[in-house]
1. Identify all residues within the range 204-242 that are out of contact with any helix residue (DSSP H, G or I) (no Cβ under 8 Å at 6 or more places or on another chain), over 23 Å from residue 148 (Cα atoms) and part of a helix (DSSP H, G or I); write none if there are none.
2. Taking residue 203 and the conditions (1) on the phi < 0 side of the Ramachandran plot; (2) free of Cβ contacts under 8 Å to residues at least 60 places away in the same chain, which numbered condition does it fall short on, given that it satisfies the others?
3. Residue by residue through the range 107-121, note down the ones that are in contact (Cβ under 8 Å) with a residue 24 or more places away in the chain, assigned to a helix (DSSP H, G or I) and more than 17 Å from residue 40 (Cβ to Cβ).
4. Within the range 89-106, how many residues turn out to be assigned to a helix (DSSP H, G or I) and touching a helix residue (DSSP H, G or I) at 6+ places or on another chain (Cβ under 8 Å)?
5. In the list 18, 80, 48, 34, which residue meets the criterion of being more than 22 Å from the chain's Cα centre (by Cα) and either crowded, with 18+ Cβ neighbours inside 10 Å or touching a residue at least 12 places away in the same chain (Cβ under 8 Å) (or both)?
């Protein structure tokens, strides 16, 4: 006889009420004032349990009427909707005056540095917001019909390697499980090697780029011919799918790849797009 206790039944999740969900979306669609947009964007960047982040949010939004109620509601938004809503709110700020855009950028920097450390995904979100708010973009080089990824110059391949090295800290899974004792390659290292296969002689390494090197790499990759940028994004995504259990990209990796696609002004491959619930444009 097996005397082991039976595992507790998993709690049954209540399906969302379609009417309530529609009302919630409509309320978010109505967020339009500078203060509320500022509060909403920052709320979607908060990490539950990080008191210093919350302190920054409170300081930034202390004069905004209804900010706390908006924050509480936004923090309940399911993960697949969070990035689409963030993009929408930031996009609305981008349509406003320069001082409001600069104010949001400064606030985002304050928030992600509040506890003295900025994770790779935090840094990527900041780059995405800066890009969406109208940061100077690199000019794409003229497209050459015969050029493919394999034919890129060594310098460009090295910059792809640096940007990919940064992404590999998140894709295909956050790098927190390094097996130091065995020396086994992490999934991020395998992903990076797969991505870099077209350039075996470029001399690229997976060293983590510092802030300046990351921005330099991003600008150079943004300057790829417009036809090659989606090809690179698909390569990132295909390598992530191949290394993900059952081909299902994990949420942090999906967000990182979505941001990478946005930074290159590239369409999202289906494997990434399927991870999110897009916001209907009213």
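1. If the condition is that a residue be out of contact with any helix residue (DSSP H, G or I) (no Cβ under 8 Å at 6 or more places or on another chain), over 23 Å from residue 148 (Cα atoms) and part of a helix (DSSP H, G or I), then 212 is the only one that fits.
2. (1)
3. 120, 121
4. Counting residues in the range 89-106 that are assigned to a helix (DSSP H, G or I) and touching a helix residue (DSSP H, G or I) at 6+ places or on another chain (Cβ under 8 Å) gives 11.
5. Matching residue, one of 18, 80, 48, 34: 34.
Every number here is computed from the coordinates shown, using simple stated rules; none is lab data. This structure is a prediction, so every number in the text was calculated from the model and none was measured. When we count neighbours, we look across all protein chains shown, and the Cβ atoms used for this are built from the backbone with ideal geometry, even at glycine.
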